[in-house]
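The values are calculated or read from the model by the stated rules, or taken from the named source; none is laboratory data. Keep in mind that this is a model prediction, so the values were computed, not measured. Cβ coordinates were reconstructed from backbone atoms using ideal geometry, including for glycine residues, and neighbour counts include every protein chain displayed. For accessibility, only protein heavy atoms count, side chains too; no ligands or nucleic acids. Shrake-Rupley method; radii C 1.70, N 1.55, O 1.52, S 1.80 Å.
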Amino acid sequence: AKITVTDKCAANGEKCMVNVEKVDCPTDEPQPLNFKFSGQGKALEAIDTADMHVVARFAGVKLLDKSLSACGEQTIELPAGAGSITLDLLDCPVADQAEFSILCSVAATQKLPFGKLDIEISAADSSSNKLLYLEVLVQA
């Protein structure tokens, strides 16, 4: 499966309060998927707490729509026992201008039969300012 991770804030020209400086991700993985990606971010404001929103679509059909804390490691189980996504975005509180690591892993229990899996990961601070917006695209 082909994998891409895109910083949608930069791609869309949006001002987000975390500058994603780099993303390291495999570009091709055997199925069922079991991969990790990481990145470096820099806070453009002090972040006391933050919420994350994760949406996953397969072949355009929404499979997952979940909101949870963006602070600390969080694991989201995919529907129908299809696997899990583990995200470690922020170690709150984050100081203004602090640099930090972003870690994510995707572990699937089944192969993608066709089409694409699109995972959108966004986070906002307690004032609803967008912090980051990443898109993980997996093409079977």
Query raised in the report: What is the spin-label model distance, in nm, from Lys15 to Asn129 if the labels are put 7 Å beyond Cα along the C-beta direction?
Result: 0.9
Report summary line: In Å, the Kirkwood estimate of hydrodynamic radius for the chain over Cα pairs equals 15.2
**Report entry** Cysteines not pairable in the chain (beta carbon separation under 4.7 Å absent)
**Finding:** Cys25, Cys104
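If you average 1/r over every pair of different alpha-carbon atoms in the range 1-66 and take one over that average, what Kirkwood value in Å do you get? Walk me through the intermediate numbers first.
Working: mean 1/r = 0.0697 Å⁻¹.
Evaluated over the range 1-66, this radius sits at 14.3 Å.
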Query raised in the report: Over the range 1-85, what percent of the accessible surface lies on carbon and sulfur atoms, probe 1.4 Å?
Result: 48
Query raised in the report: Using a 1.4 Å probe, what is the accessible area per residue for the chain, in Å²?
Result: 50
Query raised in the report: Considering the dipole of the range 65-140 built from charges on the beta carbon (Lys and Arg +1, Asp and Glu -1) around the Cα centre, which of Pro93, Tyr133, Val106 is farthest to its positive end?
Result: Val106
Query - Cross-link partners of Lys66 among aspartates and glutamates (Cα-Cα below 12 Å; sequence separation of 8 or more within a chain) - result: Asp51, Glu77, Glu120
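To the nearest 20 debye, what is the magnitude of the charge dipole of the range 86-140 about its Cα centre, counting +1 on the Cβ of each Lys and Arg and -1 on the Cβ of each Asp and Glu? Working shown, then result.
Numbers: 3 positive and 8 negative charges, 76 e Å.
The dipole of the range 86-140 has a size of about 360 debye.
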Query raised in the report: How large is the dipole of the chain about the Cα centre if only Lys and Arg carry +1 and Asp and Glu carry -1, each at its Cβ, rounded to the nearest 20 debye?
Result: 600
